[in-house]
1. Mind checking which residues of segment 98-124 are touching a Phe, Trp or Tyr at 6+ places or on another chain (Cβ under 8 Å) and in a helix (DSSP H, G or I)?
2. Filtering segment 51-83 down to residues that are surrounded by fewer than 15 Cβ atoms within 10 Å (Cβ to Cβ) and of a type in the set (D, E, K, R), which residue is nearest to Pro16 (Cα to Cα)?
3. Identify the single condition in (1) surrounded by 15 or more Cβ atoms within 10 Å (Cβ to Cβ); (2) more than 25 Å from Ile286 (Cβ to Cβ) that Trp390 does not satisfy, given that it satisfies every other one.
4. Can you pull out every residue in segment 298-335 that is in contact (Cβ under 8 Å) with a residue 40 or more places away in the chain and within 24 Å of Ile365 (Cβ to Cβ)?
5. Consider Gly125 carefully, then state whether it is assigned by TED's automatic domain parsing to the domain that holds Arg181 and either modelled with pLDDT of 85 or more or not β-branched (Val, Ile, Thr) (or both).
6. Taking the conditions exactly as written (farther than 30 Å from Pro29 by Cα, among the polar types (S, T, N, Q) and touching a Gly at 6+ places or on another chain (Cβ under 9 Å)), does Ser374 satisfy them or not?
7. Looking only at segment 386-416, how many residues end up being closer than 24 Å to Val188 by Cα, outside any strand (DSSP E or B) and acidic (Asp, Glu)?
8. Determine if segment 67-75 includes at least one residue that is part of a strand (DSSP E or B) and either out of contact with any helix residue (DSSP H, G or I) (no Cβ under 9 Å at 6 or more places or on another chain) or at pLDDT below 85 (or both).
Amino acid sequence: MLEHDRPVTRAWVLHPDLKSDHSRRAAGPALEEGVSLAAALPDLDVVGADIVRLPKIHPGKLFGKGKIEELKTVFKANDVELVLIDGPVTPVQQRNLEKDWGVKLLDRTGLILEIFSDRARTSEGVLQVEMAALSYQRTRLVRAWTHLERQRGGLGFVGGPGETQIEADRRAIDEQLGRLRRQLAKVVKTRELHRASRAKVPFPIVALVGYTNAGKSTLFNRLTGAEVFAKDMLFATLDPTMRKIVLPTGDEVIMSDTVGFISDLPTELVAAFRATLEEVLDADLIVHVRDISHEQTEEQSQDVMTILQSLGVAEEAPLIEVWNKIDLLSPEDHNAMVTQAERTDDLFAVSAITGEGMDALLARIPDKLKDPRSEAEITLSFAEGRKRAWLFDAGIVTNEVQTDSGYDLTVFWTELQRERFARL
């Protein structure tokens, strides 16, 4: 991982634009996002950025010979030390390009991991990042470095004789991953206890979600008066932050700020950061914050909805859409957005910076929340273990008595949780 006490590293961002990739993002905004990702690391100075049109991928070096030479001259002239490629790079391509250019190279996954590592605050977040980083490094062990080619003799009990260095490195990583999983299991258990105690608080949870840099943390700060790290920077928030707020109606809710979503987030990172999205799984209301001034706001919105669907919450919890950053629009666009929001249910045009549109949003939140939590008695047979596990996982059991035929449970839940339970 990048060190924080070392001098600033001069970096160059490349976005490979592959002709044959029909699902590809528009190259201009994609490069811009790549530069923003790089800017999220404090010790990087992005001195240049380019889109590289690719008729086809060259298996060994990603780019063609001429392009590699041309870029080498550019990097030399600009004293570039690190090249960030906004896309996937195989270990072999990475090794060959580093050798040809005489620089360090990071692909999109590696860069996002660096940011995650820099930002993670909770013990769970830190463990999740370490696990994602190790899994990523493990894939890089495929002949990635020359020292892995050599064999080392082994004493029977540590790997067999003649075990290759690559096998030893892989085994060391697997052992470390096992240790982290055990630590994580303990941390998750502790958090489940916190969740169970929080479930007894009869306040609904409102989760702010959105594409990274949509202004969620600024909105959260305005709504709650909290000082969450909010900066015009991708991935500013990586651990969910929760605050209780009193709405103008007198209703109390828990407001939760979550990690920003991003397109093409590598699968191992989605898995690693499912934990930071767990607050969304508990949410009674989802507020989808969009940067309406961004030229790709529609695509970003689609990415967010796809992740919410994959988490299984998009169809269940009610949703409000917030068009943020209307202060950045031209007067004509601003008026058009405000008019459209006024005519559409559950759509609000706001500025988290100026406060415009906030009153209407706050007034709508209590209407969208289903009943506050209420107590109920449930009787389950021994055969209904899955239902019982679901209730405990949701952290809503306040009392349980075992009977001859099963369990009598007291639960404290929302209408939404009652509906989810009924569907089991």
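The values are calculated or read from the model by the stated rules, or taken from the named source; none is laboratory data. Every value quoted in this text rests on a predicted model; they were computed, and no experiment measured them. Virtual Cβ from ideal backbone geometry, glycine too; neighbours counted across all protein chains shown.
1. The answer is Trp101, Thr109, Gly110, Ile112, Leu113, Ile115, Phe116, Arg119.
2. Arg53
3. Condition (2) is where Trp390 drops out.
4. Gln300, Ser301, Val304, Ile307, Leu308, Glu316, Ala317, Pro318, Ile320, Val322, Asn324, Lys325
5. yes
6. No.
7. 1
8. For segment 67-75, residues part of a strand (DSSP E or B) and either out of contact with any helix residue (DSSP H, G or I) (no Cβ under 9 Å at 6 or more places or on another chain) or at pLDDT below 85 (or both): absent.
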